[in-house]
1. Is it true that Gln106 is in a helix (DSSP H, G or I), at pLDDT 70 or above, of a type outside the set (Val, Ile, Thr) and on the phi < 0 side of the Ramachandran plot?
2. Which pairs have Cβ atoms under 8 Å, sit 6 or more apart or on different chains, and link a residue in the range 101-121 that is of a type in the set (S, T, N, Q) to one that is in a helix (DSSP H, G or I)?
3. What pairs come out if I take residues in the range 127-141 that are closer than 22 Å to Leu117 by Cβ and pair them with residues that are at pLDDT below 85 whose C-beta lies under 8 Å away, six or more apart or interchain?
Amino acid sequence: MPANVEETKDLATATFIMVLIKENSVLERSLHDQNQVNTKRESSGNIKARVQRKTRRFPFKLRYLTVLVLCGIAAYHYWTVQKVELTELNQEQQHLQTQVINLKAQRSELAKEQKQLNDKAYIERYASEHYHLILPGQVAFNISH
């Protein structure tokens, strides 16, 4: 390549870099100026911002108050309705547990009686005591005063 073409490319590159540097410095100045204007606006707008913050606090306080009221209603409902139902259910559960215990005892007695009814000696003794029955070859005595 000829030397003139290389020099031309170098010159164009240098010129492009210089243009970019100038644009960057112009942008920095405009940004700096804009920041100064914003700080002036903020200092004059502090009163407005304070008023806006105070008005913003009201809905937050209202939200907290609403949550507090809802919690109070829930607690009232628990103590007046659900607590009563809970005590009734606990009493019913205790009553049913005593019934279960009694039925288990009765079941064990019936199982014991069923085993005894399968025993031939028990049946003979029960029949002679309650129905005054005798086996063949036995003699019945009736003793009364």
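1. On the way: in a helix (DSSP H, G or I): yes; at pLDDT 70 or above: yes; of a type outside the set (Val, Ile, Thr): yes; on the phi < 0 side of the Ramachandran plot: yes.
Criteria met by Gln106.
2. Final answer for the pair search is Gln116/Tyr122.
3. Listed pairs, sorted by first residue: His132/Ala140; Ile134/Ala140.
The values are calculated or read from the model by the stated rules, or taken from the named source; none is laboratory data. The shown structure was predicted, so the numbers you read here are calculated from the model rather than taken from an experiment. We place every Cβ from the backbone using ideal geometry, glycine too, and count neighbours over all the protein chains shown.
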